[in-house]
Every structure is written in structure tokens, then in C-alpha cells.
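Notes to accompany the following structure.
The values are calculated or read from the model by the stated rules, or taken from the named source; none is laboratory data. Everything quoted here is computed from the prediction, not taken from an experiment. For neighbour counting, all protein chains shown are included, and Cβ atoms are generated from backbone atoms with ideal geometry for every residue, glycine included. Please note that ligands, DNA and RNA were not included when accessible areas were found on the heavy atoms of the full protein model with its side chains. Shrake-Rupley method; radii C 1.70, N 1.55, O 1.52, S 1.80 Å.
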Amino acid sequence: MFGILLMNIAAFALVFPAYYNPTIDGGSTGINLATYEVVTVLFEGTMRGIFSLLFGAGIVLLTSRMEEGGAGLLTAEIHVRRMMWLLLFGFIHWTLMLWIGEILFAYAICGLLLFAPRKLPASKQLIIAGLILSVALFMANQDYQATKASEVAYQSVENSLVKGATPTAQQQSVIDEWKTHQAHASISEQDAEGQRMIRTLPYWEAVKAQFPLAYDYQWATSPRWLLLDIVPFMLIGMAFLKLGLLNAAAKTSTYLAMLVLGYGVGVPLGMYEVGLTVAGDFSAVSIAEADRTYQISRLAMVIGHLGLLLLIIKSGILAPLQRAFAAAGKMALTNYLMQSVICVTLFYGFGFALFGAFERYELYYIVGAICIVQLIWSVLWLKAFRFGPFEWLWRSLTYWKLQPLRLRGDGQTQG
């Protein structure tokens, strides 16, 4: 959750595509470029990957406990109800709460899809995940080849046109195709100014103005993204839970191997990918070329991060800090949504209007401050309450019954 904010802060505080292209906004030289490179290599896609992995594991945990308790067919009803409410939360998040890149909406759809395969053996879940990721790699390579071919065709048309001449219909088609590829890597100054303008509007005007952008992101690109990005990592999470890897019960050597192999592959490959985009000045071709190995580096880094985190948990060397993170994790939905509330308040005109006021590297001071506040408030909240506010709401809506919230002085639930 905190790692996701580490990535999302750039899209909150800067023009949205600056998330993956620092030349658009926030600074792309010196410390700003170095910040982009380090954050991208270590965290791009990996925090979303871990979140997806844990979400998949959560589906298995919840449904298994219900079935063991004799819920029977009610398990499916509760699961579907739970995902449908999450779908609504996600819709509200990307419309009324103004976070274009929100993921609850997508997670709910994937959660509905993965109810059936949750009971497959871990080996089959890993095989399916591997096949999906292989398709993603193939499609990324196809995208690269198409982008490269489009650039060559465009340059040919540009070289053949007499200055000031009107292109033929076929030539215009080539030009338009190249502009489409460019749009995936950059943004026109006119569109960038449009995004900046939205950040200056009163709340309801900003909601209406930003809706087309959010709709396009959440729907136009979501089917492919859902299947190739989120689903495989949810399946991996289900499998890792069944293999006993997520509760720090495996051997220390297992987690050490995950750390060494994950980082051994992920860090060099991530550096290679970032090197391609920087050397190519973040062109459409260089970004597409780097994307060819993205799922490999991403998966490797997720495994490396898990190995490191589970080694720390298994050792108990940071037990007090672990308890604070556990409290924040127990309130993950509340904290995720509140991060959006905080960032929208900070960066939109109806709040503190700080959009574009910070260079990229300065944004991570804000991330650190938000994380510290949320760690403290999560611990304090859970001393008095059983769930976070949105977790309580989600649970109450799922079971069609108000759930007990407040704790008694002895730590037991009231009501």
C-alpha cells in the first residue's frame, strides 16, 4: 500500500503520463532523473504485483474459512457480494474521488473471475499464471515491432513529402498511426495544459472534466490490463499461500533464495529497461522496447521483495515496526482511499492547489510524511476499534448486517 503511493504520487502531483515519462513534468535531469530511475527499477509494477498477490491469497483465506465453517453455497454469494461492493467503491474512487489510476475497480472484476480457480492445486495455478505472463510477453514484443515499423513508415512519409504538400489518404493513415503510438509514450502540450486546468477547477467541475480521462483509462485499456497484469499475480498469490510461503513458515534458505534470485534477475533487467528509455529520450519505440521484458523484471522483483520482507518477519528483528505495518495493513482499504483524499486535497485547486509545485524528488518527502501519519493513526485506531472505517463498511455491506466495531477496554468486541 505504501509502495503503491510511492509510485502514484507522481500521477497525483504532476501531469498523469509523468508517471512513466519524466520529460513531461517534474524534472528529468539530475536528482529528478536519478529519483525516477531508482523508483522505477525498485518499485514500478512490483508494489501492484505484491498487492495483487496478497489479494489473491485473501480470496483463498476468506472462502476457505467460510467453507470450513459450513457456509456451503453461501460462500459464493458472500464472495460475489464482497466483490460487487468493492467494484462500487472503485467506481466512486475513480469518479468522485478523482483518482484516475485507482485499482479497486479492476481488482473486483478479477476477484469475480478467480473464484472458480481458487481451489486448483498450487502447481496448476502457477502454470496458468506463467502461461498468461507468456502471452503478455508475446504481446509486448508484438507492440514493440508494430511501434518500430510505424516509426520507420512515418519517417519515410515525412522524407517523401515536399514541404507544405498535403499528404495522400494513405500517407495520412501512416501519420495518424504513428501519432497513436506516440500518444502512449507522451502527451501533447495541449492535453497537458488540459490536465493542469482540471486541477484548478472547483470540485464538481473537476469531477465532470476528469471523467472522460478516467473512463478511458479504466475501460478502454482495462480488459487487456486485467487479464495480463493482475490475474496472473493473484493466481501466484493463491499458490504461494498454499505452498506456505506467505506466513514466514518456510525455511530461511527458501526466502534467501527468493531474495538472491529475484534481485539477481530483477535489478539488472530493470536497469537495462530504464537505460533503454533514458537513452531513447522516452520515445514511443524505446518505451515499447523496454516493455518487452517488463513482466520478467517485475515478477523477479516481486519475488525478491517477498524474500526480503519474509526474512525480516521470520527473524523478528523489527518486531515493533512490523506491528505498526500490520495495523496499517489491516486497514489497507481505508488507508488506500485516504491516500487519495489527502493527495487530491493537496494538489487540486479546491484544496491547497499544490499541483506542479514540486519537483519529482521532492514528492517523496510528502510520501514519507503520509506513510508516517498513516502508521501512527492505524495503530491508534485499532486500539479502540476492530476494523478500519471502510473495512467496517465493506464488511457490513457484504453481510447485510452492521458489524461490531468498537472494542471494550480488555480488547474484546463490543456489541
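Points to keep in mind about this one:
- Subset of region 375-400 (residues that are open to solvent by 80 Å² or more (accessible area, probe 1.4 Å) and aliphatic (A, V, I, L, M)): 376, 380
- Of the helices (runs of 4 or more DSSP H) lying entirely inside region 60-170, those containing at least 3 residues that are farther than 29 Å from residue 218 by Cα, touching a helix residue (DSSP H, G or I) at 6+ places or on another chain (Cβ under 6 Å) and open to solvent by less than 50 Å² (accessible area, probe 1.4 Å) are 122-160.
- Within region 255-303, the set of residues being surrounded by fewer than 17 Cβ atoms within 10 Å (Cβ to Cβ) and part of a helix (DSSP H, G or I) comprises 256, 257, 260, 261, 264, 267, 268, 271, 272, 275, 279.
- Given (1) among the small types (Gly, Ala, Ser); (2) within 30 Å of residue 206 (Cα to Cα); (3) touching a residue at least 12 places away in the same chain (Cβ under 8 Å), index of the condition residue 183 fails: (3)
- Top-ranked residue in region 214-229 [being touching a residue at least 40 places away in the same chain (Cβ under 8 Å) and of a type in the set (Phe, Trp, Tyr); ranked as most open to solvent (accessible area, probe 1.4 Å)]: 217
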